[in-house]
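Undergrad: Before anything else, here's the structure in question.
The values are calculated or read from the model by the stated rules, or taken from the named source; none is laboratory data. All figures in this text were calculated on a predicted structure; none of them were measured in a lab. Positions of Cβ are generated from backbone atoms using ideal geometry, with glycine treated the same way; all protein chains shown enter the neighbour counts. Surface areas here come from the heavy atoms of the whole protein model, side chains and all, with no ligands, DNA or RNA. Shrake-Rupley method; radii C 1.70, N 1.55, O 1.52, S 1.80 Å.
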Amino acid sequence: MPKLTLKDLDLHEKCVLVRVDFNVPLQLSEKTNCYEVVDDTRIRAALPTIQTITEAGGKAVLLSHLGRPKGQPDPQYSLAPVADCLSELLGSTPRFSSETIGSVVQKTVRNMPNGSVILLENTRYFPGETKNDPDFAAELAKLGDLFVNDAFGTAHRVHASNVGVAGHFSLAAAGHLLEKELMRLGHALEAPTPPTVALLGGAKVSDKIGVITNLLEIVDYILIGGAMAYTFLKAKGIPIGSSLIEEDRLGDAQAMLDRAQGKLLLPSDHIVSTALNALEESKTVSGSIEDGFMGLDIGPETVHAYTQKVQNANTCIWNGPMGVFEVPAFASGTKAMAQAMASATRNGAVTIIGGGDSVAAIKQLHLHTEVTHVSTGGGAMLQFLEGKSLPGLNALTDQS
């Protein structure tokens with residue numbers, strides 16, 4: 001790690017301002033008419049950092065955003081339900097503050113006993129958060145003696161609670177989760193054990209151009225799925241029917257195919273239909289797709305070919321679904337890749353998964369504990385895979 005980490009800090013009797021990523025899904029309970037946490041993965045991921053601070057006799061003051069409340073308070077984006085979930089996971093009752101900055105919060109923090117935890121209300125209730133406003137960052141900084149960033153999921157954002165605030169501390173360090181994410185991904189990019197495979201899906205080529213360009217220099221194969229595959233296929237002159245494409249990216253797709261020299265693999269067959277809701281029209285086709293039909297998942301031939309590549313890999317990185325995963329009829333390709341990743345792990349491979357649908361698939365199959373690493377960041381992971389720096393990391397104190 002080029003930056004300070006939690007183990008470099010003296011935490012005893014210190015107030016530690018911690019940027020966590022508690023941007024978790026909530027749903028309104030019919031029984032209680034209150035919002036409840038649906039998936040606590042990101043909260044669990046932050047526990048080691050929180051517990052390290054409290055066990056050392058420090059105070060953990062937690063900052064997070066939730067959703068997109070557009071710079072003003074919105075009850076559906078309150079972190080209060082997250083505080084309830086955190087309480088259950090910690091086995092104690094952390095404080096929750098309905099305020100994020102100001103004299104009331106400052107007094108509350110000062111009066112907290114060492115070893116305690118407080119979660120502050122949504123940082124995005126303030127327009128200064130996403131604007132990286134220096135005044136808002138300065139107010140946040142009044143709440144701590146030290147700063148720790150443990151929010152990999154927002155490390156690619158230039159926001160006040162992860163970048164601006166860090167500049168107000170002489171010591172700003174990475175938490176355990178951020179350190180773990182960077183070590184796992186960094187090793188996969190800088191010192192992967194070959195053969196190496198990247199599995200990339202999703203809707204848009206434009207979202208993955210930088211990732212593909214960078215990974216072509218690192219991996220042995222890139223396996224393409226999702227709607228982005230059809231932009232590549234059309235660039236090759238293969239009929240794709242009514243499949244979703246980015247017309248303005250056909251040139252980019254062709255340039256990457258030329259550069260790849262056989263490293264970039266595309267689907268050879270597809271599960272197609274006339275529309276997402278026209279399940280009775282779905283069928284499997286090889287090669288080209290006829291007019292009126294659109295590709296919605298990779299077909300069995302492609303599943304077999306991709307599975308072989310993944311299972312034979314010693315390093316495999318996956319980001320993005322292979323099809324319209326939210327519709328069960330078009331989820332088989334994504335689920336098959338989740339199973340292939342777990343199988344590769346059992347064979348000794350280093351396997352890393354990121355991106356919402358990819359992670360959702362492996363969790364649905366209860367295979368998330370059978371891969372090496374499940375990343376908590378989608379956009380941050382993509383930016384890292386592009387070879388770009390992360391502002392949230394850059395803002396931390398350098399190792400001497």
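Undergrad: Determine the pairs where a residue that is under 17 Å from THR315 (Cα atoms), located within segment 362-374, has a partner that is among the small types (Gly, Ala, Ser) with Cβ atoms under 7 Å apart, the partner being 6 or more residues away or on another chain.
TA: Here the result reads GLU370/ALA342; VAL371/ALA342, each pair linking segment 362-374 to a residue that is among the small types (Gly, Ala, Ser).
Undergrad: Now a separate question. For segment 143-161, give me each residue that is small (Gly, Ala, Ser) and open to solvent by less than 10 Å² (accessible area, probe 1.4 Å). It would help to see each step written out before you state the result.
TA: Narrowing segment 143-161 to residues small (Gly, Ala, Ser): 144, 151, 153, 155, 160-161.
Scanning segment 143-161 gives ALA151, ALA155, ALA160, SER161.
Undergrad: For segment 311-325, what are the residues that are buried (at least 18 other Cβ atoms within 10 Å of the Cβ) and part of a loop (DSSP other than H, G, I, E, B)?
TA: Answer for segment 311-325, where residues must be buried (at least 18 other Cβ atoms within 10 Å of the Cβ) and part of a loop (DSSP other than H, G, I, E, B): ALA313, GLY320, PRO321, MET322, GLY323, VAL324, PHE325.
Undergrad: Condition first: under 17 Å from the mean Cα position of the chain (by Cα), surrounded by fewer than 22 Cβ atoms within 10 Å (Cβ to Cβ) and not hydrophobic (A, V, I, L, M, F, W, C). Now tell me which residues in segment 1-52 satisfy that.
TA: ASN23, PRO25, ASP39, ASP40, THR41, ARG44
Undergrad: Of the residues that sit in segment 280-302 and are open to solvent by less than 30 Å² (accessible area, probe 1.4 Å) and of a type outside the set (S, T, N, Q), which one is nearest to LEU266 (Cα to Cα)?
TA: Among those residues, the one meeting the criterion is ILE298.
Undergrad: OK, next. Look at SER170 and say whether it is in a loop (DSSP other than H, G, I, E, B), farther than 28 Å from THR41 by Cα, at pLDDT 95 or above and of a type in the set (Gly, Ala, Ser).
TA: Yes.
Undergrad: State whether one or more residues within segment 247-265 are buried (at least 23 other Cβ atoms within 10 Å of the Cβ) and of a type outside the set (Gly, Ala, Ser). Talk me through it step by step, then tell me what you get.
TA: Filtering segment 247-265 for residues buried (at least 23 other Cβ atoms within 10 Å of the Cβ) gives 253.
Going one step further and asking which of them are of a type outside the set (Gly, Ala, Ser), we end up with none.
The answer is no; no qualifying residue exists.
Undergrad: Then there is this: Determine which single condition LYS70 fails, assuming it passes every other condition in (1) out of contact with any Phe, Trp or Tyr (no Cβ under 8 Å at 6 or more places or on another chain); (2) within 27 Å of THR54 (Cα to Cα).
TA: Only one criterion is unmet by LYS70, namely (2).
Yes/no per residue for (1) in contact with a Cys (Cβ under 9 Å, 6 or more places away or on another chain); (2) at pLDDT 95 or above; (3) among the aromatic types (Phe, Trp, Tyr):
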position: ASP297; (1), (2), (3): no, yes, no
position: ALA305; (1), (2), (3): no, yes, no
position: ASN314; (1), (2), (3): no, yes, no
position: ALA331; (1), (2), (3): no, no, no
position: THR351; (1), (2), (3): yes, yes, no
position: SER358; (1), (2), (3): no, no, no
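Undergrad: Please enumerate the residues belonging to segment 326-342 that are open to solvent by less than 20 Å² (accessible area, probe 1.4 Å) and not aliphatic (A, V, I, L, M).
TA: PHE330, GLY333, THR334
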